[in-house]
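Structure record follows, encoded as structure tokens.
What follows is calculated from the coordinates using simple rules that are stated; it is not laboratory data. Predicted, not measured: the structure shown is a model, and the values here were computed from it. Cβ atoms come from the backbone with ideal geometry, glycine included; neighbour counts cover every protein chain shown.
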Amino acid sequence: MNWYIYAMKNYAMFDGRARRKEFWSYAIIQSILFFGVYLLDNALETTYLLTILFMLIVLMPTLAVATRRLHDLGRSGGLVGLLFIPIVNMAMLVFFLFDSESSTNQYGPNPKERRRAS
């Protein structure tokens, strides 16, 4: 839950790097919350108003953490736009499973190394 809160607090932080743990913790909690809001919307018969509102609220933090994850893999954050293309977005999610670049890259130091040093 800490990674989810961290991502929400840093909703506009598109620089730096995000480890797999940060990205996937956020993505799993996000999916659970989305499913809950979707079920609530169905129960209330609100024509998905709550679901749409939820998606708008979490759009920026989701793009930010995905951009930082791409940076961790040594890729441009501009690739985050591919998440909006069906089927390609599934390939991107698989790509997010890959391990970080082990050393400092153009987007900053390896977050795993920073964590060990603290």
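Here are some notes:
- Evaluation of E45 against (1) at positive phi; (2) touching a Lys or Arg at 6+ places or on another chain (Cβ under 8 Å) (one fails), failing number: (2)
- Looking only at the range 48-69, residues that are of a type in the set (A, V, I, L, M) and in contact (Cβ under 8 Å) with a residue 24 or more places away in the chain come to 6 in all.
- Members of the range 7-24 that are in contact with a Lys or Arg (Cβ under 7 Å, 6 or more places away or on another chain) and either small (G, A, S) or not in a loop (DSSP other than H, G, I, E, B) (or both): G16, A18, F23
- Within the range 15-24, the set of residues being within 11 Å of the chain's Cα centre (by Cα) and surrounded by 13 or more Cβ atoms within 10 Å (Cβ to Cβ) comprises A18, R19, R20, E22, F23, W24.
- Set side by side, the residues V94, V80 differ, and just one is at negative phi and either among the polar types (S, T, N, Q) or without any contact (Cβ under 8 Å) to a residue 12 or more places away in the chain (or both), which is V94.
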